[in-house]
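First the structure, in the form of structure tokens, and then the observations on it.
Any read-out appearing in this document is the output of simple, stated calculations on the displayed coordinates, not a laboratory observation. The structure presented is a predicted model; accordingly, all values stated were derived computationally and were not measured. For neighbour counting, all protein chains shown are included, and Cβ atoms are generated from backbone atoms with ideal geometry for every residue, glycine included.
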Amino acid sequence: MAATEPVKTSARALGAITLAALTLPGVMPARAEEPPEQGLVSLKYLRYQDGQTNTTRYPYYDGSEGSKQKRITVSAPSIYVLAPVGRWSLETSGVVDQVSGATPRYYSDVSGATQSPGMKDERKAGDLKVTRYMERGALAVGVAHSSENDYKSTAFSVEARYASEDKNTTWNAGLAKTSDTINPVNDVVVDERKRTTELTAGVTQAVSAVDLVQLNLTYSDGRGYFNDPYKLYDQRPRRRKSAIGLLRWNHHVESLGATLRSSYRYFYDGFGIRAHTAEAAWVQPVASSFTLTPALRYYTQSSASFYYDPVTDINVYPGPVGTPGYTSTDQRLSAFGGLTVGLKGELRIGRWITDLKLERYEQRSDWRLGGKGSPGIDPFYATIVQLGIATHF
């Protein structure tokens, strides 16, 4: 089974994270009612490489792929600009993802996958956000668009923040709508659509001079095409509701000049997935102009209700047993756990800031919290390197 179709989920996820960070509330505003005092221009380059081990022996596995295999590679230069204009601010960013490689069509089975030339594609994305600052609040409107060979997405958002009189409490609320058009190159579907509405509400509280706590709640309702057209036997419901609870706590340790940034996130959706994410980062100045930030993140999820484990019976393989209404062989919908270890260094000299961030992610079925994960899935890993430079004006 060839795995050369352009499955660009890794790149799309990276882009979605970038756009969501600019169009939806989620940061901890220290002064929500005041515009930024300086402008900022930031350039970043991200390099992403994932792969997997080849230990599971599916039917007809010929063993010619070796013990490990590279999968998707992403190179992503980006730019971000923040410009204050009186009581207004303008933010814009752009990114170009160069994506290449191949992913399995059936779980992590790479039998018959072609490594060269594989898939190549380019995704271009950009966004614009305008914010108006008032006496004790702010109102922001944003638009974002991304385009690649088989997938186009446009999003609109509005966000409001309001601070208490003593500025120790900030409430936020947001609304975002996304419209996607899907045209896979294998022509499984043509001009399929997906529409998503997302509501967010939250509160940020300064509980002491050294503690900041934030709670955000998000509800999302998506309708349309959720299948992965490049996976075998992938048939998903045409509606997906989800909810997210996110709790953040930042604690400053005055004796060390350091800050602990921690968070817990709970996710559940109508597909049956329940997920937990716990993260901690330690921001430690080691000199007047240099900061090191080690970070650790653990993620675990249950499988989707319509996900079925790999079939080993050659009389049935690779299809599901029986005739279920919804099915998926997508390993991202399986039950697993994942661990990310990261380290970031940041150097500030005058108006200039440069940083280097390294992350290593590994995912295994038996790392799932509270029991064994889905069987028959090979371990997955990824390395992410990000280099940035920025200046104030």
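Beyond 13 Å, how much of the Cα-Cα pair distribution for the stretch 315-359 remains, as a whole percent? Summing the P(r) of the stretch 315-359 above 13 Å gives 75 percent of all pairs. The calculated 222 nm mean residue ellipticity attributable to helices in the chain amounts to -1000 deg cm²/dmol, summing -39500 (n - 2.57) over DSSP H runs of n ≥ 4 and dividing by all residues. Each of Ser78, Ser263 was scored by other Cβ atoms within 10 Å of its Cβ. Listed from fewest to most, they are Ser263, Ser78.
Among the listed pairs Lys129/Lys167; Lys167/Lys241; Lys152/Lys231; Lys120/Lys194; Lys44/Lys194, a Cα-Cα separation exceeding 28 Å is found for Lys167/Lys241; Lys44/Lys194. The residues packed around Lys357, meaning those with a beta-carbon under 10 Å from its beta-carbon, carry a net charge of -1 if Lys and Arg are +1 and Asp and Glu are -1.
At a 10 angstrom cut-off on C-beta neighbours, averaged per residue, how do the peptides 236-243, 69-76, 348-355 rank from highest to lowest?
Highest-to-lowest ranking by the protection proxy: 69-76, 236-243, 348-355.
The long axis of helix 9-23 is offset from the longest Cα principal axis of the chain by roughly 20 degrees.
Both radii were evaluated on the Cα set of the chain; the Rg over Rh quotient, with Rh as the Kirkwood radius, amounts to 0.97.
Quickly rank 173-182, 281-290, 93-102 as a protection proxy: mean count of other C-beta atoms within 10 Å, highest first.
Top of the packing list down: 93-102, 173-182, 281-290.
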